[in-house]
2 protein chains.
Amino acid sequence: MEELVGLREGSSGKPVTLQELWGPCPRLRRGIRRALEWLKERLFRVGEDWYFLMALGVLMALISYAMNFAIGRVVRAHKWLYREVGDGHLLRYLSWTVYPVALLSFSSGFSQSITPFSGGSGLPELKTMLSGVVLEDYLDIKNFGAKVVGLSCTLATGSTIFLGKVGPFVHLSVMIATYLGRIRTKTIGESENKAKEVEMLAAAAAVGVATVFAAPFSGVLFSIEVMSSHFSVWNYWRGFFAATCGAFMFRLLGVFNSEQETITSIYKTSFRVDVPFDLPEIFFFVALGAICGVLSCAYLSCQRNFVRFVKTNRYTSKLLATSKPLYAALVALVLASVTYPPGVGRFMASRLSMAEHLHSLFDNNSWALMTRNSSPPWPAEPDPQNLWLEWYHPQFTIFGTLAFFLVMKFWMLILATTIPMPAGYFMPIFIIGAVIGRLLGEALAVAFPEGIVAGGEINPIMPGGYALAGAAAFSGAVTHSISTALLAFELTGQIVHALPVLMAVLAANAISQNCQPSFYDGTIMAKKLPYLPWIRGRKIGSYPVTVEHFMNCTLTTLAKDMPLEEVVKVVTSTDVAQYPLVETRESQTLVGTVERTHLVQALQTESASWAPGQQRFLQDILAGGCPTQPVTLQLSPETSLYQTHSLFELLTLQTLFVTSRGRAVGSVSWVEVLGSQGWPKQSWGRGTPTFSLSKTGRYTLIPGLEGSLSLGHQLPACHSLDLVSLMPWGRHQLQTHRLDHRGCCRCGS
Amino acid sequence: MEELVGLREGSSGKPVTLQELWGPCPRLRRGIRRALEWLKERLFRVGEDWYFLMALGVLMALISYAMNFAIGRVVRAHKWLYREVGDGHLLRYLSWTVYPVALLSFSSGFSQSITPFSGGSGLPELKTMLSGVVLEDYLDIKNFGAKVVGLSCTLATGSTIFLGKVGPFVHLSVMIATYLGRIRTKTIGESENKAKEVEMLAAAAAVGVATVFAAPFSGVLFSIEVMSSHFSVWNYWRGFFAATCGAFMFRLLGVFNSEQETITSIYKTSFRVDVPFDLPEIFFFVALGAICGVLSCAYLSCQRNFVRFVKTNRYTSKLLATSKPLYAALVALVLASVTYPPGVGRFMASRLSMAEHLHSLFDNNSWALMTRNSSPPWPAEPDPQNLWLEWYHPQFTIFGTLAFFLVMKFWMLILATTIPMPAGYFMPIFIIGAVIGRLLGEALAVAFPEGIVAGGEINPIMPGGYALAGAAAFSGAVTHSISTALLAFELTGQIVHALPVLMAVLAANAISQNCQPSFYDGTIMAKKLPYLPWIRGRKIGSYPVTVEHFMNCTLTTLAKDMPLEEVVKVVTSTDVAQYPLVETRESQTLVGTVERTHLVQALQTESASWAPGQQRFLQDILAGGCPTQPVTLQLSPETSLYQTHSLFELLTLQTLFVTSRGRAVGSVSWVEVLGSQGWPKQSWGRGTPTFSLSKTGRYTLIPGLEGSLSLGHQLPACHSLDLVSLMPWGRHQLQTHRLDHRGCCRCGS
């Protein structure tokens, strides 16, 4: 009886059933059941973030692995064909070139026919999206298909075309995340808020990198550095969790497929651990960083100018506009011909795949020293144990081939980036950097064959360490990121060169960040994407540009004492998503906003009961149940450009109203999400890749930047943004007197 | 002549002197001179950030190295004394215990006599500072001296007291940064803005970690994770640059002092590279993470409760209040007695220093397997080649000593944290974690002596890898950070365990973040520092708490049509730094703010020319030149708590005014910087460590949290903050109906 009372008073509060009482150990069983329920409640809530992140990581790993698998088969088939076709030079040449030409023209044609904006790496577009811009359709699942197929074809061309996988993979990952997010929203019937969505996209970007390189740390750092301008630490674990799931799954598949015995790094190295480098070598590492910085500036500048040339040149622009596959085929033919192994390709190790390039370049031993007294023959097939033999030519020597590779790949990569197809540009940059480093390393190894510090134990110089530093520094300089150093360690599984590599990367970044926009910023600039970049300069806080200089003054307000006829007139003549609501027409005191859809609905209901002759006002239908939203944050005309910029960036806002003494005097919008009307379709990729979003007008910008830009119909509000976006790139000094409405921009057709 | 014209038209625009013309190659020389001037201008601007950061890194490295050097000497002297004192147990015991007792009581007494808030690690205080709170004097150079001397004494006690260096070093680094910042401000005569200052402090935090562990990557990640809640990517390079300079200098000094041949990691390991672990071991790594997570929860909970006990217990609180050195000496006596090597210390490897602990724990080979058939003797001195012998006891076995170490150090560390002296708590946590991992690793090595995957090559289990994962997971769980994984790799110079360690850290964090506040948050809670924590929960955006529930409604406004007598009355009766300025007394339309100092000055000037009988108004002196500031950002009463929170946190704001239809209706402040009046002095460390900042009133909080908290005299504005700050820690459900002004807080003495 006492136990029964105890049971009744149990915390569950439920009446105890007889069956429960009759079983053995009722208390224990109930305890276990409760614990299980608690666990179930904590772990198995549908829509929990960690489910989502795990699914994302695993899915992306599967896709990445499947793609690698398929590509591997195609590449093997190509190799087989090339080997079996006999010794006739014509046949060999054809078998070498036809493959990439066919694949590339298919890749370009297929992806462009499905969605015109599936070309390129996608990172610049993602960067703008993460800063709050909504690019409709860009994360569509249709785009996904085009990108997967196109990328597979591009990568199947191997080292001939010399393009990578990272950028598109980040894009794919973000697309999957968006898709999963939509499914989740549908399942749990809860609408996500904007900030949350951006957080998930940042985590997805980390997954993209992690599933390509199996490098979770640098994936997260990459998503911090390259994708976002501001980073919430709250978001940190998401990136790590998803990236770890992705990287683990990716490597696990490799183990299951017997490619490796256990989970290890992709490009394992075996650098000496006890004395990886002599102390004075630090100087050469920093010098290597500086060299990489200067070369990256040259590369970025050439790349940008060549892309501009291709777009403005009469023949190429016409070719690109009308038949992209043909252009791709022509470029592929040029690239494949140059890399034909018995021809020029002999001097640039073109029989190696990109992974083999890296494997060989990270080799410990100095090739120059190894070939000083002997002259190994060129093997008929690349020897997996001695991949470096591909880099050796008796007359040319190691230095000749490395330098030749550098010079040739420099323009070949620039040429390849102009093809409109899905492709990543990080990996080629990384390899070119490794070659730069290797070149310096081999030179040092020859100069100091006994190591630099004389006496004691001899520690010969390891050119592989320089290759590692060069790869990290050059890729870091081109992308303006420091996490490439960490990526280099994660890829090789050794971190013995931590300090020298980091110093090289910092030196390279110091030069390139001061002289050139990064690869991604440059592309954003070339594509004229609406992106809010950093305001540079330390004293900008005291900058005299304020909101009143650039706000949109032509604000359509609805006053509470407006007759309904006038309201109808306003609603039918404009198409903004929400209207600012003011107290009276005279005072213009801002009291809130009203959404167009709600207003239209209320007007329709109202018109049914409209007694003719009776004057009715807006306040009547507002009192009748039309919902209004409060304005939670207001700017003043005196708010500085800098502060506004921070607000928009940090809170990823769309529109803010400007009030002066309570009066609504204007609005500042960055990019307005036009609600049900949707964002006007982009016209990317057709002819000049102008990012035209406008229905109404076009603006030609300050001289010095070709093309035209238009940003929706809230045009005056964008003045400031056009200017801001020119500041860091166009190197235009922002003149205050240019900031009034007519000074800077000329309205034109 | 033609050349002369060409010269005149040169871009310099200066007239060409005759001397220039007469020298050889005038054009070339001028070109070189111009290039040098350009370089000089770019590089040698006084006050450039990178100068500052380099100076900071180098200085901190010097301090860190000098401290290590001095500590090494003291420790060596102690060892010598212990060895030479003979075999008499009493003398040996005395020589073992007197040293730490004397050092610790000196450390505690010295540091506390100079500044009462130099105790502890300083990280919790820094965390609040980086979130925008101004703690006056906390970064004073006087505090610096106390901390350096006190920390050196603490560390010189070696592994007896078992405390670390990281936390105080981060504090020292931030102090140096502040000091350098002041010097810079004086030199270039330019006042820094707040945001910039916070950025520099974050970089300084990275330097602190980097100069202790020579680990720049994890230093930066640590400063991101632990110190800031929001992170600007713009700030990224600063941290890396400063941390690299610091780490490089620190290791360079080691090379110059012939401690090592070249720059390498601190705790170098030599794990097998080809197959570092069998695939199924991943499961054990994750299990290890979970174990570490659970143990960290136990540790955090015990630690918090014990600290509370010490502070509330009659005897200990009295002892702590009156004679801290005595308390320190007593605790030191207990700890030293327990670790006396011929006594209990025999079972817990107490002859090893903390660095040797780590070195031995990261050993590749399984000690259990090595001692299965042989029983090596206990050496008279720790053998540097076989440090692990210290862990072995014939009867106790390896498992016994490791488990005993764990149990003993658990409570010893908790006891040590109660001593009020400068000390870091990261390193002991890290070692305890390594022991947990080692224990599991040894158990697995015994269970699977041939490795887990049967057949093929035998890959015996490396318990060192588990020690690494355990260290990272346990320290990560206690500090709620993931960067400890990276730290483990940087410390050991190998990254072969990347994925398993990261997975262990994630598992540990998942458990501890869900169950306990982090070590730092717990301390912030215990010290009742004014800190704005995260709002947890996903649906908080729709939370119905808005500004009007918690804003300060008693706003003292100055109207433009106020007679001057009334203005004088208001100014003399209040002491806020700035007053909101409204249009008329009736309309209360907010038009700007006026600073108290300016107003007082203008009133004094005005009173000289005051014609009696003439009624004058505020607008007259405003028109007469008293400067006003515009209000750049306004809240509405409808703004949600969540949005306000984000704004304050992201923009590190001090006060925002709330307007409704243009009327100033209230203000929301977080912590007001009281301008010239300064922040009222803190009363830390005396008696109950209540953080009392108020002059006027005290508030007792929601039951469940002892003590009282008061936050300046803008008290009503803080209601929300008190509540917010209780939410994640006190586990109180925030009830909306409690949020009105009287419901939640009782005014009392």
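The values are calculated or read from the model by the stated rules, or taken from the named source; none is laboratory data. Since this is a predicted model, take the numbers as computed values, not measurements. Glycine gets a Cβ as well: all are built from the backbone with ideal geometry, and neighbour counts include every protein chain shown. Heavy atoms of the whole protein, side chains included, go into the accessibility calculation; ligands, DNA and RNA do not. Shrake-Rupley method; radii C 1.70, N 1.55, O 1.52, S 1.80 Å.
A few points about this structure:
- Within the range A:510-526, tally of residues that are touching a residue at least 60 places away in the same chain (Cβ under 8 Å), open to solvent by 10 Å² or more (accessible area, probe 1.4 Å) and closer than 27 Å to B:Glu490 by Cβ: 2
Every residue, every condition in (1) within 17 Å of A:Lys268 (Cβ to Cβ); (2) within 12 Å of chain B (Cβ to nearest Cβ); (3) open to solvent by less than 10 Å² (accessible area, probe 1.4 Å), yes or no:
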{"site": "A:Pro449", "(1), (2), (3)": "no, no, no"}
{"site": "A:Ile452", "(1), (2), (3)": "no, yes, no"}
{"site": "A:Gly456", "(1), (2), (3)": "no, yes, no"}
{"site": "A:Ala472", "(1), (2), (3)": "yes, no, yes"}
{"site": "A:Ser483", "(1), (2), (3)": "no, yes, yes"}
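- Among the residues of the range B:123-138, not a single one is of a type in the set (Val, Ile, Thr), open to solvent by 10 Å² or more (accessible area, probe 1.4 Å), modelled with pLDDT under 85 and not in a loop (DSSP other than H, G, I, E, B).
- Of all residues in the range B:357-377, those satisfying the criterion of being outside any loop (DSSP other than H, G, I, E, B) and in contact (Cβ under 8 Å) with a residue 60 or more places away in the chain are B:His357, B:Leu358, B:His359, B:Leu361, B:Trp367, B:Ala368, B:Leu369.
- Count of the range B:239-262 residues which are under 20 Å from the mean Cα position of the chain (by Cα) and open to solvent by less than 10 Å² (accessible area, probe 1.4 Å): 7
- Some residue of the range B:165-181 being open to solvent by less than 20 Å² (accessible area, probe 1.4 Å), on the phi < 0 side of the Ramachandran plot and within 14 Å of chain A (Cβ to nearest Cβ): yes
- Counted residues, the range B:154-176 - those being under 21 Å from B:Phe250 (Cβ atoms) and either at pLDDT below 85 or assigned to a helix (DSSP H, G or I) (or both): 15
- Breaking point among (1) closer than 26 Å to B:Leu172 by Cβ; (2) touching a His at 6+ places or on another chain (Cβ under 8 Å), for B:Gly400: (1)
- Residue in the range A:254-266 that is closer than 30 Å to B:Leu252 by Cα and not basic (Lys, Arg) present: yes
- Some residue of the range A:424-446 being among the hydrophobic types (A, V, I, L, M, F, W, C), farther than 19 Å from A:Ser337 by Cβ, open to solvent by less than 30 Å² (accessible area, probe 1.4 Å) and not in a helix (DSSP H, G or I): no
- Comparison of A:Gly119, A:Gly150 shows that the only residue that is under 21 Å from A:Leu320 (Cα atoms), out of contact with any helix residue (DSSP H, G or I) (no Cβ under 6 Å at 6 or more places or on another chain) and crowded, with 24+ Cβ neighbours inside 10 Å is A:Gly119.
- Residue within the range A:80-92 that is of a type in the set (Lys, Arg) and at pLDDT 90 or above present: yes
- Considering residues of the range B:458-470 that are buried (at least 24 other Cβ atoms within 10 Å of the Cβ) and hydrophobic (A, V, I, L, M, F, W, C) only, the residue farthest from the other protein chains (Cβ to nearest Cβ): B:Ala467
Here's the yes/no breakdown for (1) within 11 Å of chain A (Cβ to nearest Cβ); (2) closer than 16 Å to B:Asp49 by Cβ; (3) outside any loop (DSSP other than H, G, I, E, B):
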| residue | (1), (2), (3) |
| --- | --- |
| B:Ala204 | no, yes, yes |
| B:Ser218 | yes, no, yes |
| B:Val226 | yes, no, yes |
| B:Trp234 | yes, yes, yes |
| B:Trp237 | yes, yes, yes |
| B:Met249 | yes, no, yes |
| B:Ile263 | yes, no, no |
| B:Ser270 | yes, no, no |
| B:Asp274 | yes, no, no |
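- Residue check, B:Val74 farther than 27 Å from B:Ala205 by Cα and touching a helix residue (DSSP H, G or I) at 6+ places or on another chain (Cβ under 6 Å): yes
- For the range A:342-351, the condition holds for at least one residue, the condition being that it is more than 30 Å from A:Ala210 (Cα to Cα), open to solvent by 30 Å² or more (accessible area, probe 1.4 Å) and touching a Ser or Thr at 6+ places or on another chain (Cβ under 6 Å).
- Screening A:Leu415 on (1) within 30 Å of A:Leu506 (Cβ to Cβ); (2) of a type in the set (A, V, I, L, M); (3) in contact (Cβ under 8 Å) with a residue 12 or more places away in the chain; (4) open to solvent by 20 Å² or more (accessible area, probe 1.4 Å) shows it passes everything except condition (1).
- Given (1) over 28 Å from B:Ala467 (Cβ atoms); (2) open to solvent by 20 Å² or more (accessible area, probe 1.4 Å); (3) not β-branched (Val, Ile, Thr), index of the condition B:Tyr327 fails: (2)
- Only one of B:Gly289, B:Gly254 that is at pLDDT 95 or above and within 14 Å of chain A (Cβ to nearest Cβ): B:Gly289
- Listed here are the strands (runs of 3 or more DSSP E) enclosed by the range B:627-683 that have at least 1 residues being at pLDDT 80 or above, open to solvent by 30 Å² or more (accessible area, probe 1.4 Å) and within 14 Å of chain A (Cβ to nearest Cβ): B:655-660, B:663-669.
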